[in-house]
Amino acid sequence: MAKTRATSGLDLHIERTGHRVRAGLETALREAIRDGRLQAGTQLPSTRALASDQGLARNTVSEAYDQLVAEGWLTARQGSGTFVADLDSVTPLRATSATAESLASIRFDLRPGQPDLTSFPRSAWLSATRSAMGAASDQQFGYGHLRGAQQLQNALAAYLGRARGVIAHPDQVIICNGFTSGLDLICDVLVHRGTTRFVIEALGHTLHHRLLARREMQIATIPVDGVGAVVSELPSADAVLLTPAHQHPLGGALHPARRRAVTTWANQEGAVIIEDDYDGEFRYDRKSVGALQSLAPDRVVYSGTASKSLVPGLRLGWLIPPNDMLEELIEAQRLTGRHASIVDQVALAHLIESGGYDRHIRRMRNIYRRRRDRLESILTERVPSARVRGVAAGLHAVVELPPGKTEDEVVATARERGLALTGLSETIAEAESPPPALVIGFGTPPSHSYTAALARLVAVLEHS
Ligand SMILES: Cc1ncc(COP(=O)(O)O)c(C=O)c1O
């Protein structure tokens, strides 16, 4: 069915095919963008106008727009409409490789790693930026903020002390581009010091494993279980990377006896503990577990990030190192030239000082708690043989697969059905075989598609 309309100077010719109206509209729009008939920056008709022109329900058009925004084909600008996204960002979907083809057909994403991007507090961020810009001095726009903006150092030292139990003087706070760049800086210092025996958790974030593997370091692993890293198995080493508040990916908090044991180990070894506190604010059933750093501030480099509390695109993170590492880290920072934008730093400082950051976290904690409850209850009810673990905190859960199912087959079936999933074995640092399981990120799907994403997950687990 072909229809043409003219809205705001735009002739939009849409050729819908198939019986499923919304899917047909989405496909027609994707094809028009792919072919270049709809070019980057083109404004689409309002949902009301397109619905009336196509003889469709307005909801159908707005769901199709939302879906294409989620897939990256369109962008929605609050108050000004929906536009075709920059073509460069769509180009990979034009490729003909099997991977690119299957990525293009992903409608739901339950992979871990991202918060709900649609919940970024845009208005609060805008007003924080406006206030912060009004108050910033001209000098702040120059070079010379190797540690970070003084306002953000002050705001974070106070916030982390209050909310995460970190012991920090503002001058100790170093702002970096997220945890990943912080880890890179720490590695620079360790390699420069000639201390390169590094221990990581046997299950962890693959990007961090790869970052370390590129360095000239000897890497050992320690096992992890439901209460964090088994620190009694720590070998002699110079540094260990831990996720004490919320083991990634298994989800446990480091047992109190293990917290004490690892600081004793670090004192004996003269080693550094790198504390990756990536989502410590999100704990649901009781008060959050405070930072390990407070037990041994002269041994622990505490690291936090805005990637889960706000969004990863900000690329803002922070390190609180022991005093004897501070100058070396600042020098490493100078050499990378990768300092965070001063504009974003002062905006974040203002957001924290105004209480907007706490409010956002409280709001998101409630949203994520509800999502976690829904994930847990739907799986308990519909796929009782799938065990859900590690749900007390964070934005992901580990779902052990029903007997007889393999990770590869479940992930592949899900992909065929437009659902992106991650297998637990993708988080492994050494050749071990954990039970077949999925790491389900429940933060990622926008609210309007979460129910459908869960239904698809259940269908895959029931039938694959
Ligand atoms: C274990 C872990 N650490 C840290 C991060 C955040 O990294 P960054 O701050 O570089 O975005 C993530 C994000 O997914 C993570 O899973």
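Just so it is clear, none of the values below were taken in a lab; they were calculated from the coordinates. These numbers were taken from a predicted model, which means no experiment stands behind them. Note: ideal-geometry Cβ built from the backbone for every residue, glycine included; neighbour counts use all protein chains shown.
Brief remarks on what is shown
- Potential lengthening between residue 192 and residue 76 on full extension [0.36 nm per residue; Cα-Cα distance subtracted]: 37.1 nm
- Residue 150 paired with residue 257, simple spin-label distance in nm, labels 7 Å along Cα-to-beta-carbon: 4.9
- Magnitude of the charge dipole, the chain, Cβ model with Lys/Arg +1 and Asp/Glu -1, debye to 20: 1520
- Ellipsoid fit via the Cα gyration tensor, the chain: semi-axes of 41, 29, 19 Å, each the root of five times an eigenvalue, largest first.
- Structure-based [θ]222 nm, the chain - -39500 (n - 2.57) summed over DSSP H runs of at least 4, per residue, nearest 500: -13500 deg cm²/dmol
- Förster radius 51 Å - calculated FRET efficiency between residue 214 and residue 264, Cβ distance, rounded to 0.05: 0.95
- Among the trypsin sites (Lys or Arg not before Pro) found in the range 172-224, those both in a DSSP coil and sparsely packed, with 12 or fewer other Cβ atoms within 10 Å of their Cβ, are 214.
- For residue 272, the residues whose amide H sits under 5 Å from its own are 239, 240, ignoring neighbours fewer than 5 places away on the same chain, with H placed 1.01 Å from N.
- Contact order, relative form, for the chain: 18 percent (alpha carbon pairs under 8 Å, 6 or more residues apart, mean separation divided by residue count).
- Label-to-label distance, nm, for residues given as residue 162 and residue 361 (7 Å Cα→Cβ offset): 1.0
- Dividing the mean sequence gap of close Cα pairs (under 8 Å, 6+ apart) by how many residues the range 358-463 holds gives a relative contact order of 28 percent.
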